[in-house]
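Following: one structure in structure tokens, then a few remarks.
The values are calculated or read from the model by the stated rules, or taken from the named source; none is laboratory data. What you see is a predicted model; the values in this text were computed from it and never measured. Reconstructed Cβ throughout: ideal geometry from the backbone, glycine too, with neighbour counts over all protein chains shown. Only protein heavy atoms, including side chains, enter the accessible area calculation; ligands, DNA and RNA are left aside. Shrake-Rupley method; radii C 1.70, N 1.55, O 1.52, S 1.80 Å.
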Amino acid sequence: MNKPRPTGTTRIQREKREAIFEAALDVFSENGLRGATLDQIAARAGLSKPNVIYYFQGKEAIYTELLESLLDIWIAPLIELSDSDDPVEELLTYVRRKLDMSRDMPRQSRLFATEMIQNAPHINDVISGSLRDLVDEKARLIKGWMKAGKIAKSDPHHLIFSIWAVTQHYADFDVQVRAVLDGNDPFKTAPDFVETLFRRMLTP
């Protein structure tokens with residue numbers, strides 16, 4: 001994970017914080033905040049519980065920092081969605097990036113999904129504030145493309161939701177997907193299918 005380095009810390013301290021974050025990501029994505037314990041995080045990080053407490057006041061402090069860093073990563077592809085002479089390709093690039101994130105960052109996706117299921121108590125202000133504003137901004141951009149006849153008409157907000165739902169499904173429901181596919185890697189065939197699905201939907 002690319003966590004910002006706290007100022008005034010040594011290399012060893014940074015490495016221990018990173019180990020705690022990596023371990024916590026595993027524990028939280030598997031058990032959620034309620035089911036996770038500092039003992040589990042410490043054991044996964046190869047540290048003592050007092051050592052973890054030295055760096056963080058408790059599991060909620062770790063969880064909150066993880067979510068904040070995750071949000072920055074998660075919305076980056078949407079921020080980069082911009083006006084283009086070929087909006088179909090611009091949106092397909094967004095779809096590909098979201099699918100790549102599900103392939104490469106399944107733990108982060110499941111952590112975020114768990115927070116949403118629990119009514120987003122730690123980031124509700126963000127999703128109802130800056131994230132909503134960002135989605136509204138991109139929805140206006142997409143609506144402009146639709147009015148210009150560059151992409152097929154639909155509800156721009158629900159288009160964004162659909163991209164989230166389809167791409168993140170492969171991370172959040174990984175166990176189900178792989179079970180249905182007899183353990184085969186879904187990402188060998190998913191990119192072509194998902195791109196074809198949205199290309200047909202977007203092409204006017």
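Cβ-Cβ contacts under 7 Å between residues 6 or more apart (or on different chains), taken from a first residue in the range 149-169 that is farther than 11 Å from V95 by Cα to a second residue that is open to solvent by 60 Å² or more (accessible area, probe 1.4 Å) and charged (D, E, K, R), are listed as P156/K143.
If I go through the range 104-113 residue by residue, how many of them are within 21 Å of F193 (Cβ to Cβ), touching a residue at least 60 places away in the same chain (Cβ under 8 Å) and open to solvent by 30 Å² or more (accessible area, probe 1.4 Å)? Of the residues in the range 104-113, 2 are within 21 Å of F193 (Cβ to Cβ), touching a residue at least 60 places away in the same chain (Cβ under 8 Å) and open to solvent by 30 Å² or more (accessible area, probe 1.4 Å). Screening the candidates M101, M116, M146 for the property of being in a helix (DSSP H, G or I) and open to solvent by 60 Å² or more (accessible area, probe 1.4 Å) yields one hit, M116.
For the range 147-173, enumerate the residues that are under 30 Å from T189 (Cβ atoms) and among the hydrophobic types (A, V, I, L, M, F, W, C). Give the steps one after another, and end with the answer.
Of the residues in the range 147-173, the ones under 30 Å from T189 (Cβ atoms) are 150-173.
Hits for the range 147-173 are I151, A152, L159, I160, F161, I163, W164, A165, V166, A171, F173.
Of the residues making up the range 104-113, those that are under 20 Å from I163 (Cβ atoms) and either outside any helix (DSSP H, G or I) or not acidic (D, E) (or both) are M105, P106, Q108, S109, R110, L111, F112, A113.
Here's the yes/no breakdown for (1) of a type in the set (A, V, I, L, M, F, W, C); (2) open to solvent by 20 Å² or more (accessible area, probe 1.4 Å):
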{"site": "Y55", "(1), (2)": "no, yes"}
{"site": "G58", "(1), (2)": "no, no"}
{"site": "L67", "(1), (2)": "yes, no"}
{"site": "P77", "(1), (2)": "no, no"}
{"site": "S82", "(1), (2)": "no, yes"}
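Go through the residues of the range 37-47 one by one and say whether even a single one is touching a Gly at 6+ places or on another chain (Cβ under 8 Å) and either assigned to a helix (DSSP H, G or I) or modelled with pLDDT under 90 (or both). Yes, because at least one residue in the range 37-47 is touching a Gly at 6+ places or on another chain (Cβ under 8 Å) and either assigned to a helix (DSSP H, G or I) or modelled with pLDDT under 90 (or both). Just one residue in the set V27, V88 is of a type in the set (A, V, I, L, M, F, W, C), open to solvent by less than 70 Å² (accessible area, probe 1.4 Å) and either part of a loop (DSSP other than H, G, I, E, B) or free of Cβ contacts under 8 Å to residues at least 40 places away in the same chain (or both); that residue is V27.
The residue that is surrounded by the most Cβ atoms within 10 Å (Cβ to Cβ), counting only those in the range 183-200 that are of a type in the set (A, V, I, L, M, F, W, C) and more than 10 Å from L92 (Cβ to Cβ), is A190.
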